[in-house]
Amino acid sequence: MSQRPLALTLFAVTALSLALVALSAQLTNGFTRWTFEALRRDAAATGRLSAPAVPLRTANGVTGTPWPSDTHTVYLVDFIYTQCLTICQALGGEYTRLQRQLRARFGAHSPVRLVSVAFDRKHDTPTELQAYARRHHADDALWLIGTPASAQAADTLLQALGVVAVPDGLGGFVHNGAIHLIDSHGTVRGIYDLDQWPQALERALQLTGTPT
Amino acid sequence: MRRRLPWAPAALPLLLWIAPLRHLLESRMLPHMLVELPLLFVAGWALARALGPRARLPVVIDAHGLLGLTWVSAVSALWMIPSMLDLSLLDIRLQWAKYLAWLLAGAAAWGSLPRAGAVVGVFFLGNIAWMLATAGLLFQEAPQRLCVSYLLDEQIVTGQGLIFFAVLIGALAVRRLLRPISPANACRALPAPASAE
């Protein structure tokens, strides 16, 4: 074999390797994010994640997501299912604490509102939503609890935000149990773990221009 | 039978058009990584074999099988990244890219592996085996889910499966290294003599 094919081969291999390294860097945000959840949080932190407006069915009837709106309200949004006995109950507990703080500071006119989206449409009936709200002392003025009004609405919202619920084989789901900070335009401004709710609240208040 | 139906394995990816079957393969991590991806690879291999020499990369850019085997390594590495598995389920463009990349990897392996000498072949096979083993260990050791689409216990079992594949490919590499060198293989394995000046 002459040197010419080897030189051309090495050139082609180098070009292919460089292209694949560039692609990998693009897909992993510069070799720093290796999981979908990490990429999703990066997208949220840089304002590249948007929550579409979808109709929600609540215990009191059908309404819409509170975004987009002309107000400067900011929303702390979590995803739950009412049959959940683990993380959703913990989220509910933290939301109860958040609600207490908001009510103490702003009364019924809080610039930060809570939204819980229940994704198990089969079981998250208005009755179950009401029971969940009662269990966590939810105040309608501060905390909206609803399930997407149609399967299409659920797919639209969950896919846009990258929220994935995986059946756990025991009749429940494993899902991203995080708090999403969403502004009045529907743009996600941050994603916080359950135990980071004070930081989520602080950031929400900053976005509304309220001193923390 | 194999000679009578050379296209049969190549047609396997058509099964992925059947949505329930595709869902069955992709709804769990183990069949997704260790059945679907190898199946696509085998189908690509079979497709190239059925097409014959015209399915090979031109030797002018694939001396010693380097370009084809680089592609195989790169595709293997890329699909060990956990986010790629999730994205392929959530983004249809990446889903098609996955099918195409693995089919091409199988075809490239069929065309390029015979061109590779013992050293080049063992280098690439060993590299892939090492990579699978590393990913397998990480999948087993990670305390949290690496993919939002799969459960933690599936991840651990898949990690064990990756180690199995790593050992299998490592054994192939050793077998290739220990294979008696025929004159034809020796010519391929050794560096080309310098041209007379």
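The values are calculated or read from the model by the stated rules, or taken from the named source; none is laboratory data. Because the structure is a prediction, the values reported are computed rather than measured. Counting neighbours? That spans all protein chains shown, and the Cβs are built from the backbone with ideal geometry, glycine included. These area figures cover heavy atoms from the full protein model, side chains too; ligands, DNA and RNA do not enter into them. Shrake-Rupley method; radii C 1.70, N 1.55, O 1.52, S 1.80 Å.
For the pair A:SER69 and B:ASP153, label points projected 7 Å from Cα toward Cβ lie 4.3 nm apart. Rg and Dmax, both from the Cα atoms of region A:150-212 and both in Å, are 14.4, 46.
Considering only protein heavy atoms and a 1.4 Å probe, what is the carbon-and-sulfur percentage of the accessible area of the protein assembly as shown? In the protein assembly as shown, the share of accessible area belonging to carbon and sulfur is 64 percent.
Shielding value for B:53-65 is 4, the average number of Cβ atoms from other chains within 10 Å of each residue's Cβ. In region A:25-52, the residues that give up 20 Å² or more of accessible area when the other protein chains are added, compared with the chain on its own (1.4 Å probe), are A:LEU27, A:TRP34, A:THR35, A:PHE36, A:LEU39. Amide hydrogen proximity for A:VAL74: with H placed 1.01 Å from N in the peptide plane, the residues at 5 or more positions away or on another chain lying under 5 Å are A:VAL112, A:ARG113.
Between the Cα long axis of helix A:87-106 and the first principal axis of chain A there is an angle of about 60°, rounded to the nearest 10.
Where does the longest stretch of chain B lie that holds no trypsin sites (Lys or Arg not before Pro) found in a DSSP loop with 12 or fewer other Cβ atoms within 10 Å? Before the final figure, lay out the partial values.
Details: sites that count: B:ARG2, B:ARG3, B:ARG4.
My reading of the result: B:5-197 is the longest stretch.
Per residue, how much accessible surface does the protein assembly as shown expose to a 1.4 Å probe? Answer in Å², no decimals. Present the calculation step by step, with values, prior to reporting the outcome.
Details: 20570 Å² over 409 residues.
On a per-residue basis, 50 Å².
Ranking A:LEU170, A:GLY190, A:ALA104 by Cα position along the charge dipole of region A:43-208, where only Lys, Arg, Asp and Glu carry charges on their C-beta atoms, puts A:ALA104 farthest toward the positive end.
Compute the helix-to-body angle for B:92-112: its Cα long axis versus the longest principal axis of chain B, expressed 0 to 90° and rounded to tens. It is inclined by approximately 30 degrees. The Cα atoms of the protein assembly as shown cover 91, 48, 34 Å along the three principal axes, with the biggest extent listed first.
Projecting the Cα positions of A:SER24, A:LEU91, A:ALA149 onto the charge dipole of chain A (unit charges on Cβ atoms of Lys, Arg, Asp and Glu, taken about the Cα centre) puts A:SER24 furthest along the positive direction. Relative contact order for region B:9-179: 27 percent, from Cα pairs under 8 Å spaced at least 6 residues apart, divided by residue count.
Can you give the FRET efficiency for B:LEU168 and B:VAL119, using 1/(1 + (r/R0)^6), R0 = 22 Å, r = Cβ-Cβ distance, to the nearest 0.05?
Values: r = 21 Å, r/R0 = 0.94.
My answer for the efficiency is 0.60.
Per residue, what volume in Å³ does the Cα convex hull of region B:9-179 take up? Write out the running numbers ahead of the final one.
On the way: hull volume 17.8 nm³, N = 171.
Dividing the Cα hull volume of region B:9-179 by its residue count gives 104 Å³.
Take the Cβ atoms of A:ALA25 and A:ALA104, set R0 to 30 Å, and the FRET efficiency comes out at 0.05.
Test of the criteria: in region A:16-97, which chymotrypsin sites (Phe, Trp or Tyr not before Pro) are in a DSSP loop and have at most 13 other Cβ atoms within 10 angstrom of their Cβ? Present the calculation step by step, with values, prior to reporting the outcome.
Values: sites: A:PHE31, A:TRP34, A:PHE36, A:TYR75, A:PHE79, A:TYR81, A:TYR95; in loops: A:PHE31, A:TRP34, A:TYR81.
For chymotrypsin sites (Phe, Trp or Tyr not before Pro) across region A:16-97 that sit outside H, G, I, E and B with at most 13 neighbouring Cβ atoms in 10 Å, the list reads A:PHE31.
Ignoring the sites themselves, chain A has its longest run without trypsin sites (Lys or Arg not before Pro) in a DSSP loop having at most 13 other Cβ atoms within 10 Å at A:123-212.
In this calculation the C-beta distance from A:GLN83 to B:ARG175 is compared with R0 = 35 Å, giving a FRET efficiency of 0.10.
Give me the Kirkwood hydrodynamic radius of chain A, using the inverse of the mean 1/r over all pairs of distinct Cα atoms, in Å to one decimal.
For chain A, the Kirkwood estimate is 18.8 Å.
Neighbours of A:LEU142 by Cβ distance under 13 Å: Lys/Arg scored +1, Asp/Glu scored -1, total +3.
Taking 7 Å steps out from each Cα toward its Cβ at A:PHE11 and A:HIS123 produces label points 6.3 nm apart.
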